[in-house]
1. For Asp71, project a label point 7 Å along Cα to C-beta. Then give me every residue of the range 107-150 with its amide nitrogen under 13 Å of that point.
2. In deg cm²/dmol and to the nearest 500, what is the mean residue ellipticity at 222 nm of the chain if only DSSP H runs of at least 4 residues count, each as -39500 (n - 2.57), divided by the residue total?
3. Return the loop-located chymotrypsin sites (Phe, Trp or Tyr not before Pro) in the range 82-155 (DSSP other than H, G, I, E, B) with at most 14 other Cβ atoms within 10 Å of their own Cβ; answer none if there are none.
4. Please compute the per residue accessible area over the chain with all protein chains in place, 1.4 Å probe, rounded to a whole number of Å².
5. Can you pull the percent of the chain's accessible area that's carbon plus sulfur, 1.4 Å probe, other chains left in place?
6. For the range 86-155, which trypsin sites (Lys or Arg not before Pro) are both in a DSSP coil and crowded by at most 16 other Cβ atoms within 10 Å?
7. Taking the Cβ-Cβ separation of Asp37 and Lys12 as r and a Förster radius of 30 Å, what is the calculated FRET efficiency to the nearest 0.05?
8. When the Karplus curve 6.51 cos²θ - 1.76 cosθ + 1.60 is applied with θ = phi - 60°, which whole-Hz ³J(HN,Hα) does each residue of the range 46-57 get, with x for Gly and Pro?
Amino acid sequence: MSDNDQQLRVSKIRNGTVIDHIAGGQALNVLAILGIDGTSGDSVSVAMNMPSDRLGHKDVVKVEGRELSQDEVDVLSLIAPAATINIIRDYDVIEKRRVERPSVVEGVLECPNHNCITTENEPVDSRFAVGDDGVRCEYCDTIIRDDLPAHILAE
Ligand code: CTP
Ligand code: ZN
């Protein structure tokens, strides 16, 4: 046992993706956006409000057995702009990336307009254009400015 074990609150993973530098308290929203609810059988660890030099407090999510793609994680920029994506193979970080703001997010957020075609029982996925002051529904132009987590679609 090394001295480090006292600080290692969540184990390292062998293969998968570590989403690091999530703003404190956002980890569960990260899981919701990625559609990770534990039913797939993959091991998922979540650490919340860990001390961080950069952020004060940060959350960390570790998904074992899955290498998340850049497209999958870019949507996280809406709620976790400082997140770092680490791809792990055989315990090594083989790739470290930042999330990038996508121009469009599809099938992730629910339009607040109940008359919007995307909220009815139609097979139409929601599509929001990402702007500087919020996201705008491409079907009805409704803008979500803040409280994005409240509009995350349940899987
Ligand atoms: N990690 C993990 N399992 C591994 C390797 C790394 O869970 N097998 C986690 C680390 O705990 C850390 C993140 O992946 O939260 C990034 O690892 P690393 O790049 O080694 O850490 P730092 O250098 O501190 O990362 P950064 O510079 O991005 O803060
Ligand atoms: Zn709409």
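1. Those under the cut-off are 107.
2. -2000 deg cm²/dmol
3. Tyr91
4. 59 Å²
5. That share works out to 42 percent.
6. Arg145
7. Computed FRET efficiency for Asp37 and Lys12: 0.80.
8. 10, 10, 10, 6, 7, x, 9, 4, 6, 10, x, 10
The values are calculated or read from the model by the stated rules, or taken from the named source; none is laboratory data. Predicted, not measured: the structure shown is a model, and the values here were computed from it. Methodologically, a virtual Cβ is constructed for each residue, glycine included, from the backbone with ideal geometry; neighbour enumeration extends over all protein chains shown. The area values use the complete protein model at the heavy-atom level, side chains included, leaving out ligands, DNA and RNA. Shrake-Rupley method; radii C 1.70, N 1.55, O 1.52, S 1.80 Å.
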